[in-house]
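Everything below concerns the one structure shown next.
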């Protein structure tokens, strides 16, 4: 089964500005050579990828969400976020504000996940215990999506 395209899920499950902003973000991704590969995780999920290499997970209004999250993006261990030359202070602060410190309480609180003890360095700041997806974005607003675009450009440059 090939699943549904992420744009269709966004149109079906999100409304108003959230829908518009999220569709704009996915259009940006596609315009810049990113894909969203569908996978079945007991619900619809997508892997953002560049040149066939995935680097995270996207969910659109998953039924299991405890807080009825609309759009969720996790950026995973396949990303390199220590290219300090390309990150201005605002982007660094933005990334640091979205680091998932474990154990976390939102979705993986113990006893569900006690093994996320990943050492991670993000724009010069070291973290001793992060999730396997060290950056997470829940219900990003338009400003957050603009900053995510900057991170995606960095991912693209890193993989080019």
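The figures follow:
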| read-out | value |
| --- | --- |
| Selected residue (only one of 17, 12 is at pLDDT 90 or above, in contact with a helix residue (DSSP H, G or I) (Cβ under 9 Å, 6 or more places away or on another chain) and more than 20 Å from residue 156 (Cα to Cα)) | 17 |
| Qualifying residues in the stretch 133-150 (those that are crowded, with 17+ Cβ neighbours inside 10 Å and over 9 Å from residue 73 (Cα atoms)) - the one modelled with the lowest pLDDT | 133 |
| All positions within the stretch 80-106 that are within 20 Å of residue 158 (Cβ to Cβ), in contact with a strand residue (DSSP E or B) (Cβ under 7 Å, 6 or more places away or on another chain), in a loop (DSSP other than H, G, I, E, B) and modelled with pLDDT under 90 | 81, 82 |
| Number of the exception - residue 64 against (1) over 13 Å from residue 136 (Cβ atoms); (2) modelled with pLDDT under 75; (3) crowded, with 18+ Cβ neighbours inside 10 Å | (3) |
| Condition broken by residue 47, with the remaining ones in (1) crowded, with 16+ Cβ neighbours inside 10 Å; (2) free of Cβ contacts under 8 Å to residues at least 24 places away in the same chain; (3) closer than 17 Å to residue 143 by Cβ satisfied | (3) |
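The values are calculated or read from the model by the stated rules, or taken from the named source; none is laboratory data. From a predicted model like this one, the values you see are computed outputs, not experimental measurements. Quick reminder, even Gly has a Cβ in these numbers, built from the backbone with ideal geometry, and neighbours come from all protein chains shown.
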